[in-house]
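Peer 1: My questions will all concern the structure given below.
Every number here is computed from the coordinates shown, using simple stated rules; none is lab data. Please read all numbers here as calculations on a predicted model, not as lab measurements. Positions of Cβ are backbone-derived with ideal geometry, glycine not excepted, and every protein chain shown enters the neighbour counts.
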Amino acid sequence: MGEAYIVAAARTAGGKRGGKLKDWHPVSLGATVINSLLDRSGANPDLIEDVICGCVSQVGQQAINVARNAVMASRLPEHVPGTSVDRQCGSSQQSLHFAAQAVMSGSMDAVIAMGVESMTRVPMGASAVLAMEKGMGSYMSPEIMAKYPNVQFSQFMGAEMMAEKYKLSKDTLDEFGYNSHKKAIAATQGGKFKDEVVSLTIKDAEGAESQHTTDEGIRFDASLEGIKGVKLLREGGAITAATSSQICDGASGVMVVNEKGLKALGVKPLARIHHMTVIGGDPVIMLEAPLPATKRALEKAGMKIDDIDLYEVNEAFASVPVAWLQYTGANPEKLNVNGGAIALGHPLGASGTKLMTTLLYGLKDRNKKWGLQTMCEGGGLANVTIVERL
């Protein structure tokens, strides 16, 4: 089996719902990331063999194969195909896995894995809601309803169940949410995101142009007292909007090649894909799968948690990474060192390669070697990717 290398990585800065990226079509966001990967790698566009794009709400402006549409809107030639992936929040992390598997097998030599989500233009759950409104019914088949009677699959309830199961207090989660903003503020002010972010031209209400390079969701005036005062999402629960990921617009991507691709494209690798895992777990608690997935990944890779230099665990809700720390015994000082989705936003299908981009640049900034990324996904799923910086 061959190796898979990442030779370029890029992401847009996040935009709040109805915020600075509201005028950007999601296909345009995706095309801009593709063009940036070509610029960063210096690769010949003719040699890219596929584009795999994660996207959760594949309807409206993100319908009819958003991957192919992003290709057509980019500088890639028409002969480059594209396909779209939905593994919920892990969609573009799965895109990376598929791309790596393609080049490792030798069936392709150079593939772009990416993700895009405009949660302003295509609201979360739009495909299911619109289908119900048009009388097309629900994804809940009779078999699913029989197997899970009287169950409402909800990530919000899953987050509360995680807090209850791992005995995580509201104060603990509030502090985690506050620290996400503190770390994101320090990273932004320290220029840690400068090299990974693709600049986007935006216009204000008066038509004046500027460049969007800063994640819009960061609360630069965040205080622990303010976060503690946010209303609970459920009476008697522990989760609030301040300890949940932010709705976000954005795109991200990485270019993946094998040894033959390195030579053909004339590029140097940033990192090597060392291991990939994906598993399913309890779809009711839903968000717990990153915990056993990390255990399995480390066992298969022949590694221990302390061998990893940096971790990126998606902050869908604070209860997920805090429970992950408890379960794995990982060093919290290595976790989401530049903040996470609570501060930076969670553009659903784009978050997988977004986190990978931040992980790679974080390893480079700290001159570290090993990185691990994981995230919870709707349906009780989780991906884990271990990379070696080169």
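Peer 1: Listed highest first by mean packing, meaning other Cβ atoms within 10 Å per residue, what order do 250-260, 297-307, 226-236 come in?
Peer 2: Highest mean packing first, the order is 250-260, 297-307, 226-236.
Peer 1: Right, another one. Say the dipole of the chain comes from +1 at the beta carbon of Lys and Arg and -1 at that of Asp and Glu; which of 57, 45, 103 then lies farthest toward its positive end?
Peer 2: 103
Peer 1: Given a 10 angstrom Cα cut-off, can you work out which residue in 100, 63, 13 is the most mobile in a GNM of the chain?
Peer 2: Looking only at 100, 63, 13, the largest GNM fluctuation is found for 63.
Peer 1: Another question about this same structure. Write down the percent of antiparallel bridges among all DSSP beta bridges whose residues are both part of the chain, to the nearest 5.
Peer 2: 70 percent
Peer 1: Gain in length, residue 148 to residue 221, computed as 0.36 nm per residue apart minus the alpha-carbon separation, to one decimal in nm?
Peer 2: Length gained between residue 148 and residue 221: 21.9 nm.
Peer 1: Same structure, new question: Treat each spin label as a single point 7 Å out from the Cα along the C-beta direction, and report the residue 268 to residue 44 distance in nm.
Peer 2: 2.1 nm
Peer 1: With unit charges on the beta carbon (Lys/Arg positive, Asp/Glu negative), name the residue among 286, 302, 375 whose Cα is farthest towards the positive pole of the charge dipole of segment 267-375.
Peer 2: Ranked along the dipole, the leading option is 302.
Peer 1: Might you report the magnitude of the Cβ-based charge dipole of segment 32-122 about its Cα centre, with Lys and Arg at +1 and Asp and Glu at -1, to the nearest 20 debye?
Peer 2: Once rounded to the nearest 20, the dipole reads 260 debye.
Peer 1: For every helix of n ≥ 4 consecutive DSSP H residues, a contribution of -39,500 (n - 2.57) applies; sum these over the chain, divide by its total residues, and give [θ] at 222 nm rounded to the nearest 500 deg cm²/dmol.
Peer 2: -10500 deg cm²/dmol
Peer 1: Choose one answer from 155, 58, 211: the residue with the largest mean-square fluctuation in a GNM of the chain with alpha-carbon springs under 10 Å.
Peer 2: It is 211.
Peer 1: Can you give the charge dipole size of the chain about its Cα centre, rounded to the nearest 20 debye, using +1 on the beta carbon of Lys and Arg and -1 on the beta carbon of Asp and Glu?
Peer 2: In debye, rounded to 20, the chain gives about 360.
Peer 1: Here's a follow-up. How high is the relative contact order of the chain, in percent, counting Cα pairs under 8 Å that sit 6 or more residues apart?
Peer 2: Computed over the chain, the figure is 28 percent.
Peer 1: What is the sum of charges around residue 2, taking Lys and Arg as +1, Asp and Glu as -1, for the other residues whose C-beta is under 10 Å from the C-beta of residue 2?
Peer 2: Net local charge, residue 2 excluded: -2.
Peer 1: Could you please rank 121, 87, 75, 272, placing first whichever residue has the fewest other Cβ atoms within 10 Å of its Cβ? Before the final figure, lay out each step's value.
Peer 2: On the way: 121 21, 87 24, 75 11, 272 15.
Lowest to highest Cβ neighbour count: 75, 272, 121, 87.
Peer 1: Hey, another quick one. For the pair residue 304 and residue 124, how long in nm is the line joining their label points, each one 7 Å along Cα→Cβ?
Peer 2: According to this spin-label approximation, the distance is 3.8 nm.
Peer 1: Stretched out fully, how many nm does the piece from residue 136 to residue 369 gain, at 0.36 nm a residue minus the Cα gap? Mind dumping the intermediate values first?
Peer 2: Numbers: separation 233, 0.36 × 233 = 83.88 nm, distance 4.95 nm.
Once the chain is fully extended between residue 136 and residue 369, it gains 78.9 nm.
Peer 1: Considering the zone a paramagnetic label at residue 61 would reach in this model (a point 7 Å from Cα along the Cα-to-Cβ line), which residues of segment 109-127 have amide N under 17 Å from it?
Peer 2: 115-127
Peer 1: Taking other Cβ within 10 Å of each residue's Cβ, how do 24, 324, 370 sort, fewest first?
Peer 2: Ordered from fewest to most neighbouring Cβ atoms within 10 Å, 24, 324, 370 come out as 370, 24, 324.
Peer 1: Of 353, 12, 213, which has the largest mean-square fluctuation in a 10 Å C-alpha GNM of the chain?
Peer 2: Fluctuation is largest for 213.
Peer 1: Still on this model: Cα to Cα, under 18 Å, and not fewer than 8 places away if on the same chain: which lysines meet these conditions relative to residue 364?
Peer 2: 183, 192, 194, 268, 334, 354
Peer 1: Can you sort 36, 154 by how many other beta carbons sit within 10 Å, fewest first?
Peer 2: Fewest to most other Cβ atoms nearby, the residues stand as 154, 36.
Peer 1: Additional query: About its Cα centre, what dipole magnitude does segment 52-182 give when the only charges are +1 on Lys and Arg Cβ and -1 on Asp and Glu Cβ, stated in debye to the nearest 20?
Peer 2: It works out to roughly 100 debye.
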